[in-house]
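Peer 1: Sharing a structure here in structure tokens format.
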Amino acid sequence: MTEGIRLEIDGEDFTAECEEFTFGVPRVVYDEDNGSSMRRFLGPAGFQITLINPTDRARALVDGGRATRTVKIAAAGNSIIHPTHFIEEWTTTDGIRKVFGRLAWDTGRDAKWVDEPQLAEA
């Protein structure tokens, strides 16, 4: 178990529902070529969590990312809370079962192409 760190999912304690868990707040890096050199720009932080050897209760969270779960990780008087999708589970070649979750997308604000009615009329 991850020593001294608590894991809550949707307000329920999941700390004992896996042997340990890893998490991070990775940032996307964008590469842009300005014609003479490559420049890099740092994007917004995301969130990822991996439950290692989860119980059946924790494995049941995996739904391909359809449900948004509120994940809270607390340690040493600090906490981080993120809306999370549990995407996938798998077993590694050495027999370790893992469940992966990532920052939930805001589908209402996700960058995507949409039809513009005024362009269709032109």
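The values are calculated or read from the model by the stated rules, or taken from the named source; none is laboratory data. As the structure is a prediction and not an experimental result, all values here were calculated from the model. Glycine gets a Cβ as well: all are built from the backbone with ideal geometry, and neighbour counts include every protein chain shown. SASA here: full protein model, heavy atoms, side chains in, ligands and nucleic acids out. Shrake-Rupley method; radii C 1.70, N 1.55, O 1.52, S 1.80 Å.
Peer 1: Can you give me the long-range amide H partners of Phe14? Hydrogens built in the peptide plane at 1.01 Å from N, cutoff under 5 Å, separation of 5 or more residues or another chain.
Peer 2: Close amide H contacts, sequence-distant or interchain: Leu7, Glu8, Ile9.
Peer 1: Per-residue HN-Hα couplings for region 85-95, Karplus 6.51 cos²θ - 1.76 cosθ + 1.60 at θ = phi - 60°, whole Hz, x for Gly and Pro?
Peer 2: 10, 8, 8, 8, 10, 7, 10, 6, 5, 9, x
Peer 1: If you don't mind, another one. What is the chain's relative contact order, in percent, from Cα pairs under 8 angstrom and six or more apart in sequence?
Peer 2: Across the chain, relative contact order equals 23 percent.
Peer 1: Next question, about the same structure. Report the local net charge at Arg6: Lys and Arg +1, Asp and Glu -1, summed over other residues whose C-beta lies under 10 Å from its C-beta.
Peer 2: -1
Peer 1: What is the chain by shape, rounded, prolate or oblate, if you read a ≥ b ≥ c off the alpha carbon gyration tensor as root eigenvalues and call it rounded for a/c under 1.5, prolate for a/b larger than b/c, and oblate otherwise?
Peer 2: prolate
Peer 1: Summing +1 for each Lys or Arg and -1 for each Asp or Glu, what net charge is found among the other residues whose Cβ lies under 15 Å from the Cβ of Lys72?
Peer 2: Overall, the nearby charge balance is -3.
Peer 1: Still on this model: Amide H to amide H under 5 Å from Thr70: which residues, 5+ apart in sequence or cross-chain, H placed 1.01 Å off N in plane?
Peer 2: Asp10, Thr84
Peer 1: First measure r as the distance between the Cβ atoms of Ala74 and Ser36, then evaluate 1/(1 + (r/R0)^6) with R0 = 35 Å and state the FRET efficiency to the nearest 0.05.
Peer 2: 0.15
Peer 1: Follow-up. Based solely on its DSSP helices, what 222 nm [θ] is calculated for the chain when runs of n ≥ 4 H residues each add -39,500 (n - 2.57) and the sum is averaged over all residues, nearest 500 deg cm²/dmol?
Peer 2: The helix contribution divided over the chain gives -1000 deg cm²/dmol.
Peer 1: Carbon-plus-sulfur fraction of the accessible area of the chain, 1.4 Å probe, in percent?
Peer 2: 51 percent
Peer 1: Scan around Glu20 for amide H atoms under 5 Å from its own, H built in the peptide plane at 1.01 Å from N, and keep only partners 5 or more places away or cross-chain.
Peer 2: Residues meeting the amide H criterion: Ile52.
Peer 1: Tell me, what HN-Hα J-couplings in whole Hz come from the Karplus equation 6.51 cos²θ - 1.76 cosθ + 1.60 at θ = phi - 60° for each residue of region 10-19, using x for Gly and Pro?
Peer 2: 6, x, 10, 6, 10, 4, 8, 8, 7, 5
Peer 1: Residue by residue, what Karplus-based ³J(HN,Hα) values in Hz, rounded to whole numbers, does region 29-46 have, using 6.51, -1.76 and 1.60 with θ = phi - 60° and x for Gly and Pro?
Peer 2: Computed from phi, the couplings for region 29-46 are 10, 9, 9, 10, 9, 9, x, 10, 7, 9, 10, 10, 10, 8, x, x, 6, x Hz.
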